[in-house]
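Below you'll find the structure, written out as structure tokens, and then a few comments.
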Amino acid sequence: MMKRILSIFAFMLFSCSINDDQVTYEEKIVLWANLRSNFPLIDTVFVSKSASLNENIPSKDLWIQDAQVHIIGDTVNLYLYPIPGAAGRYFTNSNYIFKGGETYKVQAVVGDDTVSGVTTIPEKMEISAEPQSIYNCKDNNYNVPEVNINNYDPWSFPPITGAIDTLTLQQGECFTESFASYPLFKINFNEEDYQTVRIMTFALEADSVDLEPYTDTNNDGIWNTDEYFDDWNQNGLRDSCFINLIYDTTYKDVYELWKETYPRGSNADLGWKKNTPFRYNPWPWNVETSPVSMTWLFYDYYGLQLITFQATDDATFNYFQGLPEFNQFVMPNSNIVNGYGLVSSSASKSFLIYLIRDDSNNP
């Protein structure tokens with residue numbers, strides 16, 4: 001028995017050992033590019049030199065301005081020109097539409113050096129709204145509606161093409177407690193086709209400005225100086241704020257617990273923006289299984305929301321598997337030949353919802 005235990009211990013010790021060999025740094029060209037299915041080139045292609053961590057060199061000196069950059073497919077060879085005033089950025093005048101399911105190579109030639117990366121664009125991103133259901137919490141039943149996901153087309157003008165559902169973000173134990181809290185709605189996607197899907201919530205009214213919220217104690221519809229107000233920027237004055245930010249007094253603490261502390265305006269900002277809380281927009285999240293319960297954690301602002309389900313290529317999945325936040329013992333798996341960086345691609349589907357506060361408990 002003792003011999004067997006020692007054998008098991010030895011197996012665990014050696015099978016779990018970590019390869020901590022140091023990687024020898026080499027200066028190489030860095031190439032970043034992203035292609036989107038059914039779109040022309042939207043993001044600029046970046047080309048730069050690399051630098052080691054102990055090099056004291058300004059980042060602006062690393063950009064490469066004289067690269068020969070091409071995007072090559074079976075039936076296309078696009079030349080990308082350097083953008084004036086934006087060193088290291090390259091773009092094209094072509095309206096060529098990149099096609100899902102096809103393979104493209106992005107290549108940069110700098111002197112005698114050639115770097116390139118290949119991506120196969122995901123063929124499609126299919127989503128569907130989950131039918132209406134019931135969410136049970138603490139012996140109470142709450143309706144989970146089916147939402148309209150066919151209301152946005154970036155190629156039409158205006159892009160809103162259908163009815164937009166208005167949803168209320170409620171607060172409390174059943175609604176703002178965890179990942180398993182009440183879902184405002186649920187979305188299915190073709191999970192069998194992809195290893196991971198990114199969801200991005202872009203608040204289209206994040207920049208709306210109004211005076212800080214107050215409690216209308218005497219119900220006269222105006223703020224009186226003896227009435228309480230939420231001093232978001234902590235300057236002792238009732239002044240402006242990003243009014244659609246989800247920063248309700250009873251909500252912000254649990255929100256910071258599950259996400260992070262709210263960023264605030266710097267001392268360089270003027271007036272009310274100094275020390276004013278905000279959230280970076282859009283907010284991304286990676287998922288692997290369907291259906292997705294779209295709980296409170298997917299939103300940072302009230303108002304109109306553009307929600308995008310984005311299928312990423314295998315190169316993106318492999319690269320992010322090696323980032324420190326996913327696995328600190330694995331280097332990023334770049335698909336760049338003779339260099340660093342990533343050539344990636346995606347296919348996406350977007351729709352709109354409108355998110356409002358729960359005012360049922362307000363006087």
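The values are calculated or read from the model by the stated rules, or taken from the named source; none is laboratory data. The structure presented is a predicted model; accordingly, all values stated were derived computationally and were not measured. All Cβ positions, even for glycine, are placed from backbone atoms using ideal geometry, and neighbour counts span all protein chains on display.
Whether a residue is charged (D, E, K, R) and modelled with pLDDT of 90 or more was assessed, and ASP207 passes this test.
Just to verify a result, which residue in segment 36-57, among those that are of a type in the set (Val, Ile, Thr) and either surrounded by 16 or more Cβ atoms within 10 Å (Cβ to Cβ) or touching a helix residue (DSSP H, G or I) at 6+ places or on another chain (Cβ under 9 Å) (or both), is nearest to GLY73 (Cα to Cα)? Break it down into steps so the answer makes sense when it comes.
Going residue by residue through segment 36-57, those that are of a type in the set (Val, Ile, Thr) are 42, 44-45, 47, 57.
Subset that is either surrounded by 16 or more Cβ atoms within 10 Å (Cβ to Cβ) or touching a helix residue (DSSP H, G or I) at 6+ places or on another chain (Cβ under 9 Å) (or both): 44-45, 47.
Values: THR44: 18, VAL45: 16, VAL47: 20 Å.
Looking at residues that are of a type in the set (Val, Ile, Thr) and either surrounded by 16 or more Cβ atoms within 10 Å (Cβ to Cβ) or touching a helix residue (DSSP H, G or I) at 6+ places or on another chain (Cβ under 9 Å) (or both), I get VAL45.
Residues are listed down the side, and each one gets a yes or a no for (1) surrounded by fewer than 18 Cβ atoms within 10 Å (Cβ to Cβ); (2) within 19 Å of PHE298 (Cα to Cα); (3) over 20 Å from the mean Cα position of the chain (by Cα); (4) touching a residue at least 40 places away in the same chain (Cβ under 8 Å):
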residue	(1), (2), (3), (4)
GLU177	yes, yes, yes, yes
TYR194	no, no, no, yes
ASP226	yes, no, yes, no
LEU237	yes, no, yes, no
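Yes/no per residue for (1) out of contact with any Cys (no Cβ under 7 Å at 6 or more places or on another chain); (2) assigned to a loop (DSSP other than H, G, I, E, B); (3) of a type in the set (Lys, Arg); (4) on the phi > 0 side of the Ramachandran plot:
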position: SER178; (1), (2), (3), (4): yes, yes, no, no
position: LEU184; (1), (2), (3), (4): yes, yes, no, no
position: TRP223; (1), (2), (3), (4): yes, yes, no, no
position: ARG238; (1), (2), (3), (4): yes, yes, yes, no
position: ASP253; (1), (2), (3), (4): yes, no, no, no
position: ASN275; (1), (2), (3), (4): yes, yes, no, yes
position: TRP285; (1), (2), (3), (4): yes, no, no, no
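Would you point out the residue of segment 196-224, among those that are touching a Lys or Arg at 6+ places or on another chain (Cβ under 9 Å) and crowded, with 16+ Cβ neighbours inside 10 Å, that is farthest from ASP314 (Cα to Cα)? Among those that are touching a Lys or Arg at 6+ places or on another chain (Cβ under 9 Å) and crowded, with 16+ Cβ neighbours inside 10 Å, it is TRP223.
Take the residues in segment 142-170 that are surrounded by 11 or more Cβ atoms within 10 Å (Cβ to Cβ) and of a type in the set (Phe, Trp, Tyr), then tell me which one is farthest from the chain's Cα centre (by Cα). Among residues in segment 142-170 that are surrounded by 11 or more Cβ atoms within 10 Å (Cβ to Cβ) and of a type in the set (Phe, Trp, Tyr), the one farthest from the chain's Cα centre (by Cα) is TYR142.
Scanning segment 69-83 for residues that are among the β-branched types (Val, Ile, Thr), in the same structural domain as PRO40 (by TED's automatic domain parsing) and touching a residue at least 60 places away in the same chain (Cβ under 8 Å) turns up nothing.
When every residue of segment 252-259 is checked against the conditions, none turns out to be over 30 Å from ASN318 (Cβ atoms), surrounded by fewer than 11 Cβ atoms within 10 Å (Cβ to Cβ) and either of a type in the set (Gly, Ala, Ser) or touching a helix residue (DSSP H, G or I) at 6+ places or on another chain (Cβ under 7 Å) (or both).
Going through segment 260-282 one residue at a time, which ones are surrounded by 12 or more Cβ atoms within 10 Å (Cβ to Cβ) and either of a type in the set (Val, Ile, Thr) or closer than 18 Å to TYR302 by Cβ (or both)? If the condition is that a residue be surrounded by 12 or more Cβ atoms within 10 Å (Cβ to Cβ) and either of a type in the set (Val, Ile, Thr) or closer than 18 Å to TYR302 by Cβ (or both), then TYR262, THR276, PRO277, PHE278, ARG279, ASN281, PRO282 are the ones that fit. Of the residues that sit in segment 92-108 and are hydrophobic (A, V, I, L, M, F, W, C) and surrounded by 17 or more Cβ atoms within 10 Å (Cβ to Cβ), which one is nearest to ASN38 (Cα to Cα)? Applying the filter and picking the extreme gives PHE98.
For segment 254-287, the tally of residues that are in contact with a Gly (Cβ under 6 Å, 6 or more places away or on another chain) and of a type outside the set (Ser, Thr, Tyr) stands at 3. Which one of ASP139, ASP113 is loosely packed, with under 14 Cβ neighbours inside 10 Å, without any contact (Cβ under 8 Å) to a residue 12 or more places away in the chain and out of contact with any Phe, Trp or Tyr (no Cβ under 8 Å at 6 or more places or on another chain)? Only one candidate qualifies: ASP139.
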